[in-house]
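Have a look at this one.
The values are calculated or read from the model by the stated rules, or taken from the named source; none is laboratory data. Quantities reported herein were computed from a predicted structural model and do not represent experimental measurements. All Cβ positions, glycine included, derive from the backbone under ideal geometry; neighbour counts span all protein chains shown. Remember, those area values only see protein heavy atoms, side chains included, never the ligands or the DNA or RNA. Shrake-Rupley method; radii C 1.70, N 1.55, O 1.52, S 1.80 Å.
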Amino acid sequence: VFTNFPSLGSFDVAIIGGGIVGLASSRELILRHPNFTFTLLEKEKELALHQTGHNSGVIHSGIYYTPGSLKAQLCVRGATLTYQYCQKKGVPYKRCGKLIVAVEREEIPRLKALYERGQMNNVQDLRLIDAKAIREKEPYCRGIMALDSPNTGIVDWQLVALTYGKEFQEVGGTVITDFEASDIKVAAESPAGSAEGLKYPIIIKSSQGKEVRCRFVLTCGGLYSDRLSEISGCSSEPRIVPFRGDYLVLKPEKNFLVRGNIYPVPNPQFPFLGFHFTPRMDGSVWLGPNAVLAFKREGYKLFDFDTQDFINAVSYRGLQRLVMKNIVYGMGEIYRGVFTSAQVKNLQKFIPELNPSDVLRGPSGVRAQALDAEGNLVDDFVFDGGKGELGSRILHVRNAPSPAASSSLAIAEMITDELEKRFKL
């Protein structure tokens, strides 16, 4: 098996996936183990093109997440590390803050519960503010009470990820792009007169017939994490179901309406945070996103369609159950995605001066949402490997949920700890 393929080299560890989690993990691994050889394999011609390059650009502070969960711990630590890293590397960012705004009386108990949760998660400098203080921070925003999070910020996450990649290469890491991993196997035998098969027993083959040999594999596949697990003979669950989020953009002459991030109080019945106002590093303001099932894992346009991705999603019992539980919400999201005036009506609760003529259709992103067979959103990190010679040499990051970018440096520490433990590095 796998003879006569052009080899791109042999390495101690191969990392599959050049998004922010793969890049942060590669950097952390090589900084801790400078005597090992590492390669990062990315299927696109450039790094950080998908979830990393299609998100709202927020540095989350860690308010929302269940106290004690990995998500909460990693976000709080990750945000601190991100600010330190950007400062050290000269990556531009803004600590512009965020208001979570209650516009209805019934939202106030949920807002106060969020405040308590943020306190339990050690999020710094949180405070509850009244309508007058809301207007002082956001002159055009209306609400009866808000949670003020001054340490929430914005950054270009793609630039941050590329900076991780540059650092990885500067200290000796190898980045191989245009390498779509299509098979991961144990070498059947060592080539004649060579010890390669003994020292580097894993072969990763690309869809174009190239190969890399290694001792250990880490996969950070994002939208394809379940398929990478399957091709290595590991479990296909949790399954990834892609959700597209469409943004609106304020016309430039209306950017004055928004200073910092403005979020609604999340409804615990629904799985996403809701439509929000987000200033960007380039000075624009994004409004969004909604959340609708994407018919293609990397389908950023409304009518993008991939037969395999579509059948894979709709035939999955977990998605069928999720849809039935959230059918009214889901139909509303589709309606608001098609009719921007319906979405603007929603946003006017926060900024009454906003008009449908003030917005344009903006970019879209696709989120890799892990789902179990019961239709539950998998809300925390999932790692797995497998059995046998191959399974014992591979670690799959199966779910790195939002806010994975904000948490990326802390996730990288945890992944590296896990690799050291599993592979006795």
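Within region 334-341, identify whether any single residue is over 25 Å from VAL258 (Cβ atoms), at pLDDT below 75 and open to solvent by 70 Å² or more (accessible area, probe 1.4 Å), and answer yes or no.
yes
On to the next question. Please name all residue pairs, on different chains or six or more residues apart, with Cβ atoms under 7 Å, provided the first residue is in region 210-236 and is more than 18 Å from THR52 (Cα to Cα) and the second residue is buried (at least 21 other Cβ atoms within 10 Å of the Cβ) and of a type in the set (Phe, Trp, Tyr).
Close Cβ pairs (under 7 Å, with a partner that is buried (at least 21 other Cβ atoms within 10 Å of the Cβ) and of a type in the set (Phe, Trp, Tyr)) amount to LYS210/PHE179; VAL212/PHE11; ARG213/TYR200; CYS214/PHE11; CYS214/TYR200; ARG215/TYR200.
Answer yes or no: is there a residue in region 102-111 that is among the hydrophobic types (A, V, I, L, M, F, W, C), open to solvent by 80 Å² or more (accessible area, probe 1.4 Å) and not in a strand (DSSP E or B).
No, every residue in region 102-111 fails to be among the hydrophobic types (A, V, I, L, M, F, W, C), open to solvent by 80 Å² or more (accessible area, probe 1.4 Å) and not in a strand (DSSP E or B).
Are any residues in region 71-99 more than 23 Å from LEU147 (Cβ to Cβ), open to solvent by 50 Å² or more (accessible area, probe 1.4 Å) and out of contact with any Ser or Thr (no Cβ under 6 Å at 6 or more places or on another chain), and if so, which ones? Write out each step before concluding.
Of all residues in region 71-99, those more than 23 Å from LEU147 (Cβ to Cβ) come to 81, 84-92.
Next, only the ones that are open to solvent by 50 Å² or more (accessible area, probe 1.4 Å) stay: 84, 87-90, 92.
Residues satisfying the conditions are GLN84, GLN87, LYS88, GLY90, PRO92.
Can you tell me which residues in region 288-327 are assigned to a helix (DSSP H, G or I), modelled with pLDDT of 65 or more and among the β-branched types (Val, Ile, Thr)?
Listed by number, the residues that qualify are THR307, ILE311, VAL314.
If we only count strands (runs of 3 or more DSSP E) wholly inside region 350-425, which ones have 3 or more residues that are open to solvent by less than 10 Å² (accessible area, probe 1.4 Å) and closer than 27 Å to SER232 by Cα?
359-371, 394-399
Now a separate question. So which residues in region 116-147 are outside any loop (DSSP other than H, G, I, E, B) and surrounded by 20 or more Cβ atoms within 10 Å (Cβ to Cβ)? Walk me through how you get there before you give the answer.
Restricting attention to region 116-147, the residues satisfying the condition of being outside any loop (DSSP other than H, G, I, E, B) are 116-120, 127-137, 145-147.
GLY118, ILE134, MET145, ALA146, LEU147, listed by residue number.
Of everything in region 362-385 that's of a type in the set (Gly, Ala, Ser) and modelled with pLDDT of 80 or more, which residue is nearest to the chain's Cα centre (by Cα)? I'd like the intermediate steps shown before the answer.
Kept after step one, since they are of a type in the set (Gly, Ala, Ser), are these residues of region 362-385: 362, 364-365, 368, 370, 373, 375, 385.
Subsequent filtering for residues that are modelled with pLDDT of 80 or more retains 362, 364-365, 368, 370, 385.
Values: GLY362: 19, SER364: 14, GLY365: 10, ALA368: 7, ALA370: 11, GLY385: 21 Å.
Restricting to residues being of a type in the set (Gly, Ala, Ser) and modelled with pLDDT of 80 or more, the top hit is ALA368.
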